[in-house]
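What follows is a single structure, written as structure tokens, with notes after it.
The values are calculated or read from the model by the stated rules, or taken from the named source; none is laboratory data. Not measured: the values here are computed from a predicted model. In this analysis, Cβ positions are derived from the backbone assuming ideal geometry, glycine residues included, and neighbour counts consider all displayed protein chains.
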Amino acid sequence: MAMLRAYLIEATYDWMLDHNLTPYLLVDSEYENMILPENHVDEDGKILLNISPEAIEHFGCDDQFVRFDATFDGEMMSLQIPVEAVLELYSGETSQGLYAREFGYGIDVNEGNSEEEVNPPKCKSQKGSGGLHLV
């Protein structure tokens, strides 16, 4: 069975982009089958990545991995992050997002503290860009 976390990561990422928020991904680098820029991993074995469309290309999330391309030190790199290594996916502007519980079991969701934070207005540039509309 696919990990629920993978579905939550993809949905949360899409929600952030829909609302013009900057998604940040905190990753625990101590997992196998990971491809990361090791010289950017901190002394605690973690790396924080800006995964906005302006910072990365080809974002994808499946049952096992989060994948995307990004530039580090002037070199393009294809990153591969096991879904279970994702510790946080949150908005830089509001801190809303997903947070792994201690020891990696389960996820806490921060939706915000007010109606405006929970339901931020959509980015104006996306108005009329498709989807369902009430007629």
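Does Y24 count as assigned to a strand (DSSP E or B) and modelled with pLDDT of 95 or more? Here the answer is yes, as Y24 does meet what is asked. Total residues in segment 85-108 satisfying the condition of being more than 13 Å from the chain's Cα centre (by Cα), in contact (Cβ under 8 Å) with a residue 12 or more places away in the chain and outside any loop (DSSP other than H, G, I, E, B): the figure is 2.
Criterion applied to I56, I47 was being over 22 Å from R101 (Cα atoms) and within 14 Å of the chain's Cα centre (by Cα), and the one residue passing it is I56. Residues of segment 28-52 that are surrounded by 11 or more Cβ atoms within 10 Å (Cβ to Cβ), at negative phi, part of a loop (DSSP other than H, G, I, E, B) and touching a strand residue (DSSP E or B) at 6+ places or on another chain (Cβ under 8 Å): S29, Y31, M34, L36, P37, V41, I51, S52.
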